[in-house]
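The values are calculated or read from the model by the stated rules, or taken from the named source; none is laboratory data. Worth saying up front: this structure is predicted, and the values here are computed from it rather than measured. Here the Cβ is made from the backbone with ideal geometry for all residues, glycine too, and neighbour counts use every protein chain on show. What goes into the accessible areas is simple: the full protein's heavy atoms, side chains included, and nothing from ligands, DNA or RNA. Shrake-Rupley method; radii C 1.70, N 1.55, O 1.52, S 1.80 Å.
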Amino acid sequence: QLSVVSLGNPLRCFVPLLPQTSNHFGVMHAGVLFSLAEAAAGLSITQHREFAKMLIIAQNVTVTYRRPARTGVEAIVSLDDRFLHSLREKLVEDPRHRFQIPVELSDQTGEIVTRATCDFQLRAAAI
């Protein structure tokens, strides 16, 4: 049920509130929020051509659930040019460089319901 609303900066992904995405309280399931954050963070990197052919490995995800999501939820990831430039440089120095991507998840009223920090490692893909 995850859809990519827009690529670029910021990247936006959306998951609707459905019986399949909600818990027994009728709000968005925590596992869905976690998955949305991790997927959006990964896509924010792999949408860039030079990183798309690399392996992106999730190392850790820290999630803060701020309030129940009673509507569909949108993940927003913003990576500025300075971050991408620094990532390129660090990958030259260390081909297994680890980095973090912050993600905010908002309900359809614009209220932030979840914040996450996703730790990743990029590696050259085996040929």
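Miscellaneous remarks
- Count - residues of segment 103-127 that are over 17 Å from Glu50 (Cα atoms) and either at pLDDT below 95 or assigned to a strand (DSSP E or B) (or both): 13
- Selection over segment 98-127 of residues that are of a type in the set (A, V, I, L, M) and over 15 Å from Val63 (Cβ atoms) gives a count of 5.
Table: residues versus (1) surrounded by 15 or more Cβ atoms within 10 Å (Cβ to Cβ); (2) assigned to a strand (DSSP E or B); (3) modelled with pLDDT under 95.
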{"site": "Val63", "(1), (2), (3)": "yes, yes, no"}
{"site": "Arg67", "(1), (2), (3)": "no, no, no"}
{"site": "Arg70", "(1), (2), (3)": "yes, no, no"}
{"site": "Ala75", "(1), (2), (3)": "yes, yes, no"}
{"site": "Ser86", "(1), (2), (3)": "no, no, yes"}
{"site": "Lys90", "(1), (2), (3)": "no, no, yes"}
{"site": "Ile101", "(1), (2), (3)": "yes, yes, no"}
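- Checking each residue in segment 21-36 for being part of a loop (DSSP other than H, G, I, E, B), open to solvent by 40 Å² or more (accessible area, probe 1.4 Å) and touching a strand residue (DSSP E or B) at 6+ places or on another chain (Cβ under 9 Å) picks out only His29.
- Qualifying residue in segment 1-9 (condition: more than 27 Å from Ala124 (Cβ to Cβ), of a type outside the set (Gly, Ala, Ser) and at pLDDT below 90): yes
- Yes/no for Ile56 being surrounded by 11 or more Cβ atoms within 10 Å (Cβ to Cβ) and either polar (S, T, N, Q) or out of contact with any Ser or Thr (no Cβ under 8 Å at 6 or more places or on another chain) (or both): no
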